[in-house]
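Q: Below is a structure I'd like to ask you about.
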Ligand SMILES: CC(C)(COP(=O)(O)OP(=O)(O)OC[C@H]1O[C@@H](n2cnc3c(N)ncnc32)[C@H](O)[C@@H]1OP(=O)(O)O)[C@@H](O)C(=O)NCCC(=O)NCCS
């Protein structure tokens with residue numbers, strides 16, 4: 001797949017909600033927790049996705065390939081997450097391209113100076129990706145799963 005053209009669009013349509021539900025439920029409960037923490041219940045339903053605010057759809061060459069979310073804004077920080085790429089299309093650079101574009105989009109807001117996210121220790125590939133694009137660990141918790149909070153500050157990429 002050609003990955004030159006990545007588009008990140010505010011919102012998600014019903015068909016694409018259904019894709020997220022299918023990709024997730026086929027992989028099981030642990031996979032849901034891997035990308036959504038405890039915030040969503042297994043099995044995932046389209047209705048639960050309706051409640052996610054500021055969710056963005058990722059398209060590559062007009063094909064829906066995943067989602068990412070601005071979970072919340074805290075002062076001059078935006079916390080992101082719920083980052084999921086179609087499991088059949090991972091490992092080809094889509095995640096990295098998306099993340100770089102999403103960071104640029106968020107930092108266009110002059111009131112935002114940093115971006116944070118959480119990642120489980122066992123999700124080594126995702127953590128490596130975040131480090132590659134410039135995130136650094138700021139906090140480690142274990143309740144009970146080891147989890148990192150990572151941050152990127154504006155102008156430090
Ligand atoms: C995490 C995720 C969004 C990344 O998207 P992706 O398209 O697979 O990532 P990319 O192919 O762009 O990989 C980017 C980099 O991360 C690294 N990476 C990605 N997955 C990796 C893995 N499983 N092991 C080691 N490194 C990995 C690669 O080194 C790659 O760097 P390179 O392009 O310089 O080689 C995707 O794998 C996914 O949806 N995972 C399941 C859901 C999830 O865990 N979400 C994150 C929750 S915090």
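Here, each number is a calculation from the coordinates, and none is a lab measurement. Being a predicted model, the structure only gives us computed values, none of them experimental. Every residue, glycine as well, gets a Cβ built from its backbone with ideal geometry; the counts of neighbours run over all protein chains shown.
Q: Per DSSP H run of n ≥ 4, the term is -39500 (n - 2.57); total these for the chain, divide by its residue number, and report the mean residue ellipticity at 222 nm rounded to 500 deg cm²/dmol.
A: Rounded to the nearest 500, it is -9500 deg cm²/dmol.
Q: Quick check of the Kirkwood formula: for the chain, what is the inverse mean of 1/r over all pairs of different Cα atoms, in Å?
A: Mean inverse Cα-Cα distance, inverted, gives 16.0 Å.
Q: Okay, next question. Which whole-number percent gives the relative contact order of the stretch 19-93, counting Cα pairs below 8 Å spaced six or more residues apart?
A: That works out to 23 percent.
Q: Let me ask something else. With an 8 Å cut-off on Cα pairs and a minimum separation of 6 or more residues, tell me the relative contact order of the chain in percent.
A: Relative contact order comes out at 18 percent.
Q: Note the full-extension length gain between residue 111 and residue 76 as 0.36 nm times their separation in residues minus their Cα-Cα distance, in nm to one decimal.
A: Here the answer is 12.0 nm.
Q: At q = 0.19 Å⁻¹, what log₁₀ I(q)/I(0) does the stretch 56-113 have when each alpha carbon counts as one equal point scatterer in the Debye sum?
A: -0.69
Q: Here's another thing I want to ask about it. Distance between the C-alpha centers of the stretch 43-103 and the stretch 1-33? Whole Å please.
A: Comparing the Cα centres of the stretch 43-103 and the stretch 1-33, I get a distance of 8 Å.
Q: Among 25-35, 74-84, what's the highest-first ranking by average C-beta atoms within 10 angstrom per residue?
A: So the order, starting with the most tightly packed, is 74-84, 25-35.
Q: So, one more: Could you give the length gained on full extension between residue 7 and residue 121, defined as 0.36 nm per residue of separation minus the Cα-Cα distance, in nm?
A: Gain in length upon complete extension: 38.1 nm.
Q: Sticking with this structure for a sec: Contact order normalised by length for the stretch 99-156, with contacts defined as Cα pairs under 8 Å and 6 or more residues apart; what percent is it?
A: 38 percent
Q: What is the percent of Cα-Cα separations in the stretch 71-157 that go past 18 Å?
A: Beyond 18 Å sits 43 percent of the P(r) for the stretch 71-157.
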